[in-house]
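Visitor: Below is one structure. I have some questions about it.
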Amino acid sequence: MTRTALVTGGTRGIGKAVSLALQAAGYRVGAVYRSNTDAAQTFQKMTSVPVFQWDVADFEACRSGVAQVEQQLGPIDILVNNAGITRDGFLHKMDADQWWRVMNTNLGSVFNMSRHVIEGMRERGFGRIVNISSINGEKGQLGQTNYAAAKAGILGFTKSLALEGARKNVTVNAIAPGYCDTDMMASVPEQTLQAIIASIPVGRLGTAEEVARMVAFLVADEAGFITGATFDINGGQHM
Ligand code: NDP
């Protein structure tokens, strides 16, 4: 049986690598994006992975988006909640929009998406949800009260939903990547980037493929005893 996987933010960066890894592992894959249609179309042309455009911060958009994906690809067995953004700033300069955009996109989306697939997973007796958190949700980071709060929230969500799904063969895990070489890092000033790299014991940024490898491992049928866990992939930066 070919299982269906949906990856949010699956057209660029870590999500793109996840989409490709799952496609290579034999899954039927769909990828959600928000606004970068050029990147999404290029991705679709190169990979033949169907892409879907909606805002994962919007509960109703997730409802209709999930229905569309399921009509086209079949019931979603595997959900990778990967979409995320940053809107950094010290709290004393942060406005409410910066706070809520990050909370709604990075944490709200995990509820919005999981809510629309969880009933089907429970009914079918199989589900795999992988939530992409961050090293900064574990250790905090200057200028990221919003991002760190959302990413830490994902860890509590993951453990609670793991408990709820345990008897239904629905596993829920989180991955907390360290700094990876994606577009998200492009806005980091060169001096800061060098300081970050100097603080990583392996001496380099991670790659999207290194995170994707863990996602593919966790969503396998054989990974049913792994649930409620957080996997650090950070080059030894935080232990
Ligand atoms: P990128 O900025 O490279 O890609 C983000 C992806 O998410 C894009 O496909 C984007 O769509 C999509 N997206 C963003 N907002 C929405 C939305 N509201 N609705 C639907 N799709 C959306 O990010 P990364 O690959 O770097 O990061 C992926 C995840 O990994 C994020 O959750 C991030 O927080 C986390 N992470 C990243 C780290 C890093 O160093 N890169 C470190 C730790 C965690 P579009 O192309 O349309 O913009």
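Visitor: I'm trying to understand the selection: among the residues of region 115-136, which are part of a helix (DSSP H, G or I) and over 30 Å from Gln237 (Cα atoms)? Quick ask: steps written out before the conclusion?
Guide: First, pick out the residues of region 115-136 that are part of a helix (DSSP H, G or I): 115-124, 135-136.
Within region 115-136, Arg115, His116, Val117, Ile118, Glu119, Gly120, Met121, Arg122, Glu123, Arg124 qualify.
Visitor: Report yes if some residue within region 94-113 is in contact with a strand residue (DSSP E or B) (Cβ under 6 Å, 6 or more places away or on another chain) and either under 19 Å from Arg12 (Cα atoms) or within 13 Å of the ligand (Cβ to nearest atom) (or both); otherwise report no.
Guide: For region 94-113, residues in contact with a strand residue (DSSP E or B) (Cβ under 6 Å, 6 or more places away or on another chain) and either under 19 Å from Arg12 (Cα atoms) or within 13 Å of the ligand (Cβ to nearest atom) (or both): present.
Visitor: Report every pair of residues separated by at least 6 positions or lying on different chains whose Cβ atoms are under 7 Å apart, first residue within region 2-20 and within 13 Å of Trp54 (Cα to Cα), second open to solvent by 10 Å² or more (accessible area, probe 1.4 Å) and assigned to a helix (DSSP H, G or I).
Guide: Sorted first by the residue in region 2-20, then by its partner, the pairs are Gly10/Lys16; Thr11/Ala39.
Visitor: Okay, next question. Examine region 199-208 for a residue that is under 20 Å from the mean Cα position of the chain (by Cα), part of a helix (DSSP H, G or I) and closer than 18 Å to Ile135 by Cβ, and state whether such a residue exists.
Guide: Yes, the conditions are met somewhere in region 199-208.
Conditions tested, residue by residue: (1) over 20 Å from Asp77 (Cα atoms); (2) touching a Cys at 6+ places or on another chain (Cβ under 7 Å); (3) of a type in the set (S, T, N, Q).
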position: Lys159; (1), (2), (3): no, no, no
position: Asn173; (1), (2), (3): no, no, yes
position: Tyr179; (1), (2), (3): yes, no, no
position: Ala186; (1), (2), (3): yes, no, no
position: Glu190; (1), (2), (3): yes, no, no
position: Leu205; (1), (2), (3): yes, yes, no
position: Val215; (1), (2), (3): no, no, no
position: Gln237; (1), (2), (3): yes, no, yes
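Visitor: Enumerate the strands (runs of 3 or more DSSP E) found wholly within region 11-95, keeping only those where 2 or more residues are crowded, with 22+ Cβ neighbours inside 10 Å. Steps first, please.
Guide: Details: elements: 28-33, 51-53, 78-81.
Answer list for region 11-95: 28-33, 78-81.
Visitor: Working only within region 164-207, note down all residues that are buried (at least 20 other Cβ atoms within 10 Å of the Cβ) and either aliphatic (A, V, I, L, M) or more than 13 Å from the ligand (Cβ to nearest atom) (or both).
Guide: Answer for region 164-207, where residues must be buried (at least 20 other Cβ atoms within 10 Å of the Cβ) and either aliphatic (A, V, I, L, M) or more than 13 Å from the ligand (Cβ to nearest atom) (or both): Gly165, Val170, Thr171, Val172, Asn173, Ala174, Ile175, Ala176.
Visitor: Do any residues in region 131-142 that are in contact (Cβ under 8 Å) with a residue 12 or more places away in the chain have Cβ atoms under 6 Å from those of residues that are assigned to a helix (DSSP H, G or I) and more than 8 Å from the ligand (Cβ to nearest atom), where the two are at least six apart or on different chains, and which pairs are they?
Guide: Asn131/Val110; Asn131/Ile154; Asn131/Thr158; Ser133/Ile154; Ser133/Leu155; Asn136/Ala148; Gly137/Ala148; Gly137/Ala152
The values are calculated or read from the model by the stated rules, or taken from the named source; none is laboratory data. Please read all numbers here as calculations on a predicted model, not as lab measurements. Neighbour counts are summed over all protein chains in view; Cβ atoms, including those assigned to glycine, are modelled from backbone coordinates with ideal geometry. Keep in mind that these areas ignore ligands, DNA and RNA; they rest on the heavy atoms of the full protein, side chains included. Shrake-Rupley method; radii C 1.70, N 1.55, O 1.52, S 1.80 Å.
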